[in-house]
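Beneath this line is the structure, given in structure tokens, with notes to follow.
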Amino acid sequence: MAYRARLYSFLLRLTRDEPLARDLSQETWLRLAASARQLTPDTEPSAWLFRVARNVFLSQRRWLVVHRASLAALRFILPDRDEPSPFDRVVAGALELRLERALAALPLRYREVVLLMSVEGFEAPQVAEMLGLSQAAVRQRLSRGRAMLERALADRNEPESRP
């Protein structure tokens, strides 16, 4: 259970939906229970868990796209969420909220690398293995993701010009 909070936090930041993050976290732990006997002794538990969590998240996203496409075909319109999410209400400071929003606005390919390396503390070789990328691609995505975050935070810090 040493990874429980970190895994949930990672999924919460990917999904921005508390109940969904809890469900995906539980699914990840169930997959560990089902696969535990097949894991080799040299398997790194944290990397394995985060890779499975990411795959569970991506599977859920694929299902959601199909589901929304089905609803659109039936001419149902999903309402826009203008009210703050439960996650927004939990975040205490204004800077943290802005950072979380900027992080959420990152394209997934950059967000997942920033989260895994900058928040979860994984190294480039581990992230490369988790995501099936080269280390150079991981470093490039991290650099671009951080640059996008800096721009997003700087845009909101600019003082308003006065006439």
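The Glu150 and Arg37 beta-carbon pair, evaluated with R₀ = 45 Å, returns a calculated FRET efficiency of approximately 0.50.
Peptide packing: for 29-41, 112-124, the average count of neighbouring Cβ atoms within 10 Å per residue gives the ranking 112-124, 29-41, highest mean first. The label point for Leu108 and the one for Arg22, both projected 7 Å from the Cα toward the Cβ, are 2.4 nm apart.
Using a cutoff of 8 angstrom between alpha carbon atoms and counting only pairs six or more residues apart, the relative contact order for the stretch 93-157 works out to 39 percent.
Using the beta-carbon distance between Leu97 and Ser134 and R0 = 45 Å, what value does 1/(1 + (r/R0)^6) give for FRET efficiency, to the nearest 0.05?
On the way: r = 34 Å, r/R0 = 0.76.
Calculated value: 0.85.
Only the coordinates and a few stated rules stand behind these numbers; no lab work does. These numbers come from a predicted model, not from an experiment. Heads up, the Cβs are rebuilt from the backbone with ideal geometry, glycines too, and the neighbour counts pull from every protein chain shown.
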